[in-house]
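Peer 1: I have a structure here, written as structure tokens, and I will follow up with some questions on it.
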Amino acid sequence: GLGLDWQVDFRTGDTTTSRRKTQLKKPPHILITTPESLHLLLASKGYTRYFSQLKVLVADEWHELMGNKRGVMLELALSRLYGFLPNLRTWGISATIGNMEEAMAVLFGSRSYPSAPVLVRARHTKIIQMHTILPDEVETFPWAGHLGISLLPKVVPIIMEGQSTLIFTNTRAQCEIWYQRLLEVVPDLAGQLAMHHGSLDRKLRDWVENALHEGTLKAVVCTSSLDLGVDFRPVEKIIQVGSPKGVARFLQRAGRSGHQPGAPSTIYFVPTHSLEIFEGAALRQATREQALERRVPYIRSFDVLVQYLITLALSEGFRPAEVLAEIRSTFSFASVTEAEWSWCLQFITTGGSSLGAYDEYRKVEVEDGLYKVNSRRVALRHRLSIGAIVSDTTLRVKYLKGAYLGNIEEWFVAQLEKGDTFWFAGRSLALVRVKDMTVYVRRSKAKKGRVPSWMGGRLQLSSRLGDLLRRQIAASLTNSSEPELQALQPLLEMQQRRSIVPRQDELLIEYFKDREGYHLLVYPFEGYYVHEGLANLLAYRLGQRLPITFSIAMNDYGFELLSDQDIPIREAIAEGLFC
């Protein structure tokens, strides 16, 4: 460290109650926190006194907040802090954002400052050494899937030759499977291999992070839980299993190795199926061009605004005119009208026109123009619900006589019966019982068992990476020197014989009939959710031509319409289906 005589502490959802009380009585020099915990502090009586000595606020990894409602929460918190700390200095930090100027505008809003905000850019370019692990025979490589286990024999030597490696997976279930399979293939890694994801108990995650700092681990299989805010200098290599779905995420993870000025970063990309080999070439091109995605800021998120107003009413109360001026100084709510503001005030005091008949939605009372929460029940429920992260109900996993292991989602536990075996936290566990939101387990000797999966684990292919992917597919028609495209030549030749390889300005549509019915496949390469919308729109437009029903499926590369009757696709295109 720098050897400074500063007290540094953190406050998150895992911080104990006693530690939080100590922080309130004696604030540290530096407090590392989250938007949710910052709002909880604003919900405390006397928060203006607590923050009275605040000099600087740093929004680290601002790109991760700006593109979601957590960023809106920070904007609102900043507007309140500037209300009584006009000289507060604010820094936003990001290494992987494509629209830096807009990111600065969102963070600082339209309020006036003693001096104009300044954009500072690093003068050096990070050196990233990127390698795609290719199969020996692409003809036998899977055409679908997401695990990538078939390339495990090629991953093991990379791990064993290095001092410390982070193995990134896209989902927690994939993380559990890779950890288990690595130990099966290389038993000598026991004690040198660890796992890290957001559903593991905080103590386990802390142990893994400390071991990484100390350089005592050979490898850690992890998810996005280690994407941000870590500085593990012993880490030499990064392995990305499966598509990272975005350029910024790929470069962010690559930067976990060589995490110091001037040091190169090394990352290996492990495709899980044939089309992802194309993504390897696209990611190399993106790395050369620094083709980062822009983050689209959220605006007018009134659900977050209503929650924030109750937070202010919970602590010292607020006066509408003062707070309206503050929120209009933010980027998100600069366009709020008087009518919309009146609706927000009516909603928190009466429940609005829809919920006014229910007393529980009359959360805020007005006393001499001051909006306040007087109900202890409302205060407790609100503090427990502060935040903008939506997730399914989770249950805690605990040994029958022992420590907590982490959390799994209720829907997965509902599929298990007493005695069933499942793998979690790298352990084979048998279900004993479920009681009081806790899953009690014991160690099992079974070698096989189910692996939990978590809802909300889907990452969508970014438009920027989709564009680069189309460019690489088009480049495969030329004599490209990219190793990924050369490895794919047998499959490309097969595609040319059976269909076509689309150029960058072409949309590939394939149509055929088999015993299941008539299949229409479209390949825009725009990501799962875009394809979901396009598939439904296309089905609707075709249905306007003639009575027809479809089954719809989609992934990040395209979508399919399946029907039991002939689909007049050529006629529909000629008549303006896509216009």
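FYI, it's all coordinate maths here, none of it is from the lab. Keep in mind that this is a model prediction, so the values were computed, not measured. Here the Cβ positions follow ideal geometry from the backbone for every residue, glycine too, while neighbour counts run over all protein chains shown.
Peer 1: Considering the values (1) 43.4, 144; (2) 26.6, 79; (3) 24.3, 77, which represents Rg and Dmax of the Cα atoms in Å as calculated for the structure under consideration?
Peer 2: Entry (2).
Peer 1: Name all residues of the stretch 373-412 having a backbone nitrogen under 14 Å from the label point set 7 Å from the Cα of D206 along its Cα→Cβ direction, giving them as ranges.
Peer 2: 404
Peer 1: For helix 202-214, report the angle its Cα long axis makes with the longest principal axis of the Cα atoms of the chain; keep it between 0 and 90° and round to the nearest 10°.
Peer 2: Helix 202-214 and the main axis of the chain meet at about 70 degrees.
Peer 1: Exposure proxy check: H382, H63 ranked by fewest other beta carbons within 10 Å?
Peer 2: Placing the least packed residue first, the sequence is H382, H63.
Peer 1: Find, among the GluC sites (Glu not before Pro) in the stretch 428-533, those assigned to loop by DSSP (not H, G, I, E, B) with at most 14 other beta-carbon atoms within 10 angstrom.
Peer 2: E506, E516
Peer 1: Follow-up question, since we're still on this one. Each residue of the stretch 324-341 in turn: what ³J(HN,Hα) in whole Hz from Karplus with 6.51, -1.76, 1.60 and θ = phi - 60°, glycine and Pro shown as x?
Peer 2: Couplings: 4, 4, 5, 6, 5, 7, 8, 5, 5, 10, 5, 9, 5, 8, 4, 5, 5, 5 Hz.
Peer 1: What nm value, rounded to one decimal, do you get for the distance between L4 and A116 when each label is placed 7 Å out toward the C-beta?
Peer 2: Each label point is offset 7 Å from its Cα along the Cβ direction, giving 2.9 nm.
Peer 1: Using a 7 Å offset from the Cα along the Cα-to-Cβ direction at both A553 and L88, what is the distance between the two label points in nm, to one decimal?
Peer 2: 5.1
Peer 1: Let me ask another. Amide H of T90 versus every other amide H placed in the peptide plane: which residues, excluding those fewer than 5 positions away on the same chain, fall under 5 Å?
Peer 2: Sorted by chain and number, the residues that satisfy this are L57.
Peer 1: Also: Rounded to the nearest 10 degrees, what's the angle between the helix 302-314 long axis and the longest principal axis of the chain, both from Cα atoms, 0 to 90?
Peer 2: 30
Peer 1: Once the Cβ-Cβ distance between Y511 and Y540 is put in as r, and R0 is 25 Å, what FRET efficiency do you end up with, to the nearest 0.05?
Peer 2: Result of the calculation: an efficiency of 0.85.
Peer 1: How long is the gain from S18 to L380 if the chain were fully straight, where each residue apart is worth 0.36 nm and the alpha carbon distance is subtracted?
Peer 2: Residue separation times 0.36 nm, minus the Cα-Cα distance, leaves 128.6 nm.
Peer 1: By how many degrees, 0 to 90 and rounded to 10, does the Cα axis of helix 172-185 deviate from the longest principal axis of the chain?
Peer 2: Once rounded, one gets 60 degrees.
Peer 1: Taking neighbour counts of Cβ atoms within 10 Å as a proxy for exposure, in what order, fewest first, do K372, K418 appear?
Peer 2: K418, K372
Peer 1: Name the residues whose placed amide hydrogens come within less than 5 Å of the amide hydrogen of G517, ignoring near sequence neighbours (fewer than 5 apart) on the same chain.
Peer 2: The list, which skips near neighbours in sequence, is empty: none.
Peer 1: Just to be sure I understand: of the beta bridges DSSP finds with both ends in the chain, what percent are antiparallel, rounded to 5?
Peer 2: Within the chain, antiparallel bridges account for around 50 percent of the total.
Peer 1: Something else: Hey, fewest Cβ within 10 Å first, where do S110, S265, S428 land in order?
Peer 2: S110, S428, S265
Peer 1: Right, something else. Obtain the nm distance between the two label points defined at D303 and M494 by a simple spin-label model: each point lies 7 Å from its Cα along the Cα-to-C-beta direction.
Peer 2: Taking the two extended label points, one gets 4.4 nm.
Peer 1: Find me the longest stretch of the chain that has none of the exposed chymotrypsin sites (Phe, Trp or Tyr not before Pro), where exposed means in a DSSP loop (not H, G, I, E or B) with at most 10 other Cβ atoms within 10 Å.
Peer 2: 359-579
Peer 1: Provide the convex hull volume over Cα atoms per residue for the stretch 129-230, in Å³.
Peer 2: Enclosed volume per residue, from the Cα hull, is 119 Å³.
Peer 1: If you don't mind, there's one more thing I want to ask. Compute the FRET efficiency between T478 and A446 as 1/(1 + (r/R0)^6), taking r as their Cβ-Cβ distance and R0 = 60 Å, and round to the nearest 0.05.
Peer 2: It comes out at approximately 0.70.
Peer 1: Right, another one. So what J values fall out for the stretch 154-161 if you push phi through Karplus, 6.51 cos²θ - 1.76 cosθ + 1.60 with θ = phi - 60°, rounded to Hz, Gly and Pro as x?
Peer 2: Running phi through 6.51 cos²θ - 1.76 cosθ + 1.60 with θ = phi - 60° gives 7, 7, 4, x, 5, 5, 5, 7 Hz.
Peer 1: Next question, about the same structure. Calculated FRET efficiency, E410 and H131, Cβ-Cβ r, R0 41 Å, to nearest 0.05?
Peer 2: Calculated transfer efficiency: 0.50.
Peer 1: Could I ask something else about it? So what's the gap between the Cα centers of the stretch 100-148 and the stretch 223-276, to the nearest angstrom?
Peer 2: 11
Peer 1: Sequence-distant or interchain residues sharing an amide H contact under 5 Å with G255, placed H: which?
Peer 2: Under 5 Å from the amide H of G255 lies no amide H from a residue far enough along the sequence or on another chain.
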